[in-house]
Structures are given as C-alpha cells and as structure tokens.
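The values are calculated or read from the model by the stated rules, or taken from the named source; none is laboratory data. Since the model is a prediction, treat every value here as computed from it, not as a measurement. Glycine also receives a Cβ, built like all others from the backbone with ideal geometry; neighbour counts cover every protein chain displayed. We work out accessible area using only protein heavy atoms, side chains counted, and drop any ligands, DNA or RNA first. Shrake-Rupley method; radii C 1.70, N 1.55, O 1.52, S 1.80 Å.
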Amino acid sequence: MSAILRSAVSRSFVQSRPRQLALAHRQTQLLKRALSTPDATAAGTSTPPPPPPPPQHELSKWRRFLQHLGRATLVTIVTTGGVFYYVTQKDRHPGPQLPFDPTKKNVVVLGSGWGATSFLKSVDTSDYNIIVVSPRNFFLFTPLLPSVAVGTLNPKSILQPIRYLTRHKERQVTVIEAEATAVDPIKKTVTFHDDSEVQGEVSATTVPFDYLIYAVGAETQTFGIPGVKEHACFMKEIQDAEIMKRRFMDCVESAGFPGQSETEIKRLLHMVVVGGGPTGIEVSGELHDFLEDDLKSWYPELSDNIKITLVEALPSVLPMFSKELINYTESTFKESKIDILTGTMVKEVKDKSVVLQMPDKTISEVPVGMVVWAGGNKPRNVTVDLMSKLPDAQKNKRGLSIDDHLRMAGADGTIFALGDCTFSSYAPTAQVASQQGAYLARVFSQIAKRDRIASEIATAQAENRDVTTLQKQLEKAEKLRPFHYSHQGSLAYIGSEKAIADLVVFNQKFATGGVATFLFWRSAYLSTLFSLRNRVLVANDWLKVKLFGRDLARE
C-alpha cells in the first residue's frame with residue numbers, strides 16, 4: 001500500500017513540474033515585456049513586436065554619381081550667386097571716404113582715357129587731393145568701339161563712369177565734367193569751362209595744381225584733306241560709332257526706296273574704310289559680319305550689292321603685325337570679298353564719292369555711300385597751346401616731348417604727360433597708355449614717401465637729432481626708375497569669327513590666327529574690361545547677338 005502511494009505521488013510530481021516550469025517561463029516573458037513597454041502595461045494592453053526593416057537596395061554607381069553631381073552643382077550655383085550678388089552690391093554701395101585735406105598737395109588729372117584711368121585706379125589718394133577734369137564723365141573701352149558701330153554691342157556696355165572708380169578710393173576725388181582750355185606751366189594753373197547743354201551761373205574757372213597729369217589724348221588726323229570732316233565718319237569716340245551705325249542703316253534703307261536705279265543702289269551700298277591699322281581692319285570685319293549674319297536675311301534684295309573697300313596709303317595693312325599675319329588677313333579679306341587698296345591715297349572726300357590716288361599715280365573718283373575714317377592722331381588745340389608756351393623745350397609738332405620719367409620737358413618736373421598727347425618712341429596704343437598710368441601711380445607713391453622723409457628730416461634738425469639715416473632714405477627715394485614699356489602682344493579682329501594675335505610669352509613671339517584666336521580675342525578683352533558690370537553686359541550682348549542677331553532698328 002505504501003509502495004503504491006509513493007508511486008502515485010512521484011507520478012503527480014513529475015507531471016506537474018513541466019507545467020510549473022512553463023508557467024514560470026511565461027511569467028518571466030510577461031515581466032520583461034512590461035518593463036520594456038511601461039505605457040502598454042499601464043493601459044493593460046500588450047504591443048506586438050515591430051516588424052523587421054525592409055531590405056535596403058544598394059544604389060548603382062551611376063545613380064550615386066548623379067547624386068554627387070547634383071549636390072555639387074547646387075552648391076556651386078548657390079555659392080557663385082552669393083559671391084556675384086555680394087560683389088555687385090559692394091560696388092553699388094561704396095563706404096565713407098577721407099575728406100579734402102588742405103595740407104596735402106593738389107594733383108589735377110586732365111582726361112579720362114586709358115592713361116588717366118590707369119593712374120586713378122592705382123594711385124594712393126590718401127597722399128594727395130586729386131581733381132579730375134574731363135569733357136566726358138566716363139571711361140571708354142576703345143578696342144570694342146567697332147563692335148558698337150554695327151550693333152554687336154550696346155554703347156553702354158563699354159562705358160564705365162569715372163565716379164565708379166573715384167568713389168571707391170580712400171580719399172574723396174573731385175570729378176568735373178568740363179573741357180580744359182588752357183594750362184599755364186609757369187603759374188601752375190588749369191582753366192576749363194562747362195560745355196554741356198545746361199549750364200549754371202558759373203561755367204568757367206581756373207584751379208591751381210602742385211602736379212598735373214596731362215592725359216587729354218588726341219583727335220583724329222585728317223592731314224588737311226578736303227571734305228574729311230564734313231563727309232566722313234570717325235572712329236574715336238562713342239558718338240562716332242553711333243553716327244556710323246545710323247549712317248550705314250540710312251544707306252541701306254535709302255537703297256531700298258522704290259525707284260532707285262541700279263547705279264544709285266550700288267553707290268549707296270559701297271562702304272569705304274580709310275586706314276589699314278587695327279581699327280580700320282576691325283571696322284571692315286564687323287561690317288562684313290553684319291552683312292553675312294543679318295542683312296542677307298532681312299535685306300536679301302540688297303545684300304548682293306553691298307561692297308566694302310579698305311584703303312591704305314602704306315604698302316601693306318597692319319604694319320605692326322608679322323608678315324605671316326598680314327598675309328593671313330589679306331587672304332581672309334579676299335575670301336570675304338573685301339577689297340584692299342594698298343599704296344592708295346585719299347585726295348578728297350565728297351558727299352557722294354571719294355577721290356583716290358592709285359599706286360600708279362592716276363586719279364580715280366569712286367562713288368560711295370559712306371566713308372569711315374580710321375586715320376592717325378594729331379594734338380588737340382589745348383596741347384598745341386601748351387607747347388607754344390614752352391617753345392624752347394617743346395619743338396616737336398606731333399606731341400608733347402617727355403623724358404624717361406614721363407615728365408614734360410620745360411615744366412620743372414610738375415607736369416607729367418602720357419598717352420596719345422605725347423611724342424615718344426612708343427606707339428600711341430591703349431596698352432602703352434595703361435602701363436604709363438600705372439607707372440605714374442608708383443612714381444607718385446615714391447614722391448609722397450620722399451616728402452614724408454623730408455618733413456621728418458626738418459623736424460629732426462629742429463630738435464638737433466641725427467638725420468644720417470633719414471638722409472640716406474631720402475637719397476634712395478629721390479631716385480626714380482625710368483618708364484619701361486613691356487609689350488604684351490597685339491590683337492585684331494578680322495571678321496568671319498577669326499582674329500589674329502602677335503603674342504609675347506616668356507620673351508618669345510608667337511603669331512596665330514583663326515577661330516581659336518577669335519575665342520582668345522574675346523576672352524582677353526572680356527578680362528581686360530573695367531569692371532564686373534562691363535563684363536556681364538558685354539558677354540550678354542555677345543550671347544544676345546548669337547541668338548537673335550543684331551538690332552536693325554534705326555533711332
């Protein structure tokens with residue numbers, strides 16, 4: 001009986017143990033879940049475990065590249081736009097400037113061309129009181145003037161107000177729009193008058209100067225040929241380019257007037273460019289582009305009658321370029337059907353014709369619709385008047401005589417002359433004038449240093465201090481280095497999206513021409529432009545003409 005009882009107890013214990021273990025395991029799991037999700041436990045509910053995350057598909061190399069490229073492009077656009085906006089707003093809102101200082105020396109700058117603007121750009125205005133006197137209140141980028149004459153560029157795109165430059169200088173610069181009429185090198189005064197259409201009670205005055213920067217440029221040389229001033233278009237100022245464009249469109253529209261004879265149509269559409277230098281070559285090339293790109297599309301009945309003739313008195317065009325590039329230009333003009341008459345002189349310009357002396361000395365009268373005069377330079381009247389006041393030192397009729405430091409001969413070192421108004425061994429180009437202006441800015445910095453040292457010496461001597469070191473510094477500051485011109489090369493556009501270039505790289509000369517040189521010509525001029533504003537406007541004009549063509553509307 002006892003054995004039977006022990007066996008029954010033992011079986012019941014064995015059977016109940018798994019149930020107890022299972023119950024204990026279930027209670028443990030519920031406790032862990034309650035601890036991990038207290039909110040659910042408090043609510044008396046249980047939350048099922050979260051589903052496993054979906055498998056991630058790895059992007060292909062191409063999609064990863066596009067993602068990185070998109071991000072880099074976005075960052076570049078935002079950064080570039082931010083920098084562009086910052087620069088433009090900084091230019092538009094200049095900061096405060098130092099006021100006029102009566103203790104400083106007065107420097108009067110006559111002109112606003114390449115030489116004067118280069119000087120103003122580089123000079124330290126904290127050392128001087130500077131006054132700018134010019135008949136125009138802007139700087140003109142003359143190398144692109146032929147592009148304005150045919151509507152490739154807007155006139156405003158190559159202009160930059162002088163106040164844009166002077167307003168960003170450290171000290172205030174006075175800018176006066178007036179025409180200089182007289183310079184007195186003895187009394188050190190400049191007389192000028194207001195020649196604008198609207199004038200105030202005072203329209204003429206005289207100001208004294210301690211130093212004068214004479215950079216009035218030159219005017220077009222007509223060589224006394226009859227009719228040039230009355231009937232020819234010049235290519236010197238922005239007004240000249242606008243006059244040429246208007247006259248050219250007048251010729252085209254008049255040729256299309258009903259009833260015109262064939263002879264009269266050919267006369268009206270015959271354009272003669274006088275001068276085989278870079279300006280004459282570029283005017284001829286731009287006229288050819290205007291014909292090919294626009295007039296043939298909109299004036300098909302007239303385009304075959306348009307004729308361009310280039311007249312040059314010398315044996316060849318572009319004498320400053322290499323023979324290789326001269327031949328390339330002549331062959332390009334021949335392909336473009338531009339006639340080149342070398343060794344030919346203009347004897348007279350009439351209302352409807354031009355009289356030429358051919359190489360064989362025969363005289364020929366050629367019917368023309370328009371004559372563009374791109375000849376040489378001659379001194380302005382104010383320059384001739386200044387030279388007459390120093391007859392012993394100024395004997396050259398072609399311009400002011402200067403020394404190696406750009407000091408005007410006979411002016412006791414107070415008048416510096418540069419650019420086209422001077423006669424020197426350098427060609428009258430924008431590149432020469434620009435380097436002369438930068439050189440003069442360095443000279444005036446050295447002059448200011450010399451004056452400071454001299455003042456320190458006077459103070460030290462009054463206090464009985466040793467001035468040996470200061471005197472050595474003064475001797476060094478008084479030694480001015482002469483001006484040295486560094487030729488960077490010559491560029492010219494010859495039409496048909498081709499250009500020529502004589503470049504100097506590491507003292508080695510390279511001559512090149514073609515479409516690639518045309519792209520270099522554009523990039524070089526774009527980088528040389530005065531400001532970011534000019535670069536944006538010119539680039540926009542080029543793009544606009546490429547897309548929509550030139551504007552044929554006549555104002």
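Things to note:
- Short-range pairs are left out: with C-alpha atoms under 8 Å and at least six residues apart, the relative contact order of the stretch 112-194 is 34 percent.
- Cα gyration tensor shape of the stretch 206-330, rounded if a/c is under 1.5, else prolate or oblate by comparing a/b with b/c: prolate
- For Ile130, nonlocal amide neighbours, meaning residues 5 or more places apart or on other chains whose placed amide H falls under 5 Å from its own, are Val107, Thr174.
- Over the stretch 423-529, Cα pairs under 8 Å with separation of 6+ residues give a relative contact order of 17 percent.
- Shape of the stretch 345-395, Cα gyration tensor, a/c cut at 1.5: prolate
- With the largest listed first and rounded to whole Å, the semi-axes of the equivalent ellipsoid of the chain from the Cα gyration tensor are 74, 41, 22.
- For the pair Gln239 and Lys476, a Förster radius of 41 Å applied to the C-beta separation gives a FRET efficiency near 0.30, rounded to the nearest 0.05.
- Per residue, the accessible area of the chain comes to 57 Å², computed with a 1.4 Å probe over protein heavy atoms only.
- A cut-off under 9 angstrom between Cβ atoms defines the neighbours of Ser496, and their net charge, with Lys, Arg +1 and Asp, Glu -1, is -3.
- In a reduced charge model with +1 at each Lys and Arg Cβ and -1 at each Asp and Glu Cβ, the stretch 139-272 shows a dipole moment near 460 debye about its Cα centre.
- The stretch 276-356: translational diffusion in µm²/s, Stokes-Einstein, Kirkwood Rh over Cα pairs, 20 °C, 1.002 mPa s: 155
- Scoring 396-402, 277-283 by mean Cβ neighbours within 10 Å over their residues and listing the highest first yields 277-283, 396-402.
- Take every pair of alpha-carbon atoms less than 8 Å apart whose residues are at least six positions apart; their mean separation over the length of the chain yields a relative contact order of 15 percent.
- Taking packing as the residue-averaged number of other Cβ atoms within 10 angstrom, the listed peptides 381-392, 255-266 run from highest to lowest as 381-392, 255-266.
- Cβ-Cβ distance of Ser203 and Asp250, R₀ of 51 Å, FRET efficiency by 1/(1 + (r/R0)^6): the value works out to about 0.90.
- Amide H contacts under 5 Å for Ala182, placed H, 5+ residues apart: Thr191
- Normalised convex hull volume, the stretch 306-444, alpha-carbon set, Å³ per residue: 166
- Cross-link pairs Lys296/Lys352; Lys187/Lys476; Lys156/Lys236; Lys266/Lys352; Lys236/Lys509; Lys104/Lys472 - those with Cα-Cα distance over 18 Å: Lys296/Lys352; Lys187/Lys476; Lys236/Lys509; Lys104/Lys472
- The orientation-averaged shadow of the Cα convex hull for the stretch 367-461, equal to a quarter of the hull surface, comes to 9.2 nm².
- Projecting the Cα positions of Thr329, Gly514, Val150 onto the charge dipole of the chain (unit charges on Cβ atoms of Lys, Arg, Asp and Glu, taken about the Cα centre) puts Gly514 furthest along the positive direction.
- For the stretch 145-283, the extents of the C-alpha atoms along the principal axes are 64, 36, 36 Å, listed from largest to smallest.
- Simple rule: put +1 on each Lys or Arg Cβ and -1 on each Asp or Glu Cβ in the chain, find the dipole, and look at Pro185, Ile243, Tyr299; the Cα lying farthest toward the positive end is Tyr299.
- Of the solvent-accessible surface of the chain, computed with a 1.4 Å probe and all protein chains present, 56% belongs to carbon and sulfur.
- When +1 charges are put on Lys and Arg Cβ atoms and -1 charges on Asp and Glu Cβ atoms, the dipole computed for the stretch 284-419 relative to its Cα centre reaches about 700 debye.
- Between the stretch 395-460 and the stretch 144-171, the C-alpha centres lie 26 angstrom from each other.
- Annotation for Thr512 and Thr459: the two label points, set 7 Å from Cα along the Cα-Cβ direction, are 5.5 nm apart.
- The gain in end-to-end length when the Asp339 to Glu170 segment is fully stretched comes to 55.6 nm, 0.36 nm per residue minus the alpha carbon separation.
- Take each peptide in 190-203, 221-234, 239-252, count the other Cβ atoms within 10 Å of every residue, and average; sorted highest first, the result is 239-252, 221-234, 190-203.
- Three-way shape label, the stretch 84-206, alpha-carbon gyration tensor, a/c 1.5: oblate
- Listed residue (Ala458, Phe444, Trp373) projecting farthest to the positive dipole end of the stretch 373-480, Cβ model: Trp373
- The alpha carbons of the stretch 145-225 stretch over 46, 44, 28 Å along the principal axes, in descending order.
- Label-point separation, Ser297 to Tyr86 (7 Å along Cα→Cβ), nm: 4.1
- Evaluated with a Cβ-only charge set (Lys, Arg +1; Asp, Glu -1), the chain carries a dipole of roughly 4160 debye about its Cα centre, given to the nearest 20.
- Extending 7 Å from Cα along the Cβ direction at Asp210 and again at Asn137 yields two label points whose distance is 2.8 nm.
- FRET efficiency for His484 and Asp412, using Cβ-Cβ distance with R0 set to 30 Å, rounded to 0.05: 0.80
- Near the amide H of Met320, within less than 5 Å, lie no amide hydrogens of residues on another chain or at least 5 residues away, with H placed in the peptide plane.
- For the residue pairs Lys169/Lys397; Lys307/Lys350; Lys498/Lys546, the C-alpha atoms sit more than 26 angstrom apart in Lys169/Lys397.
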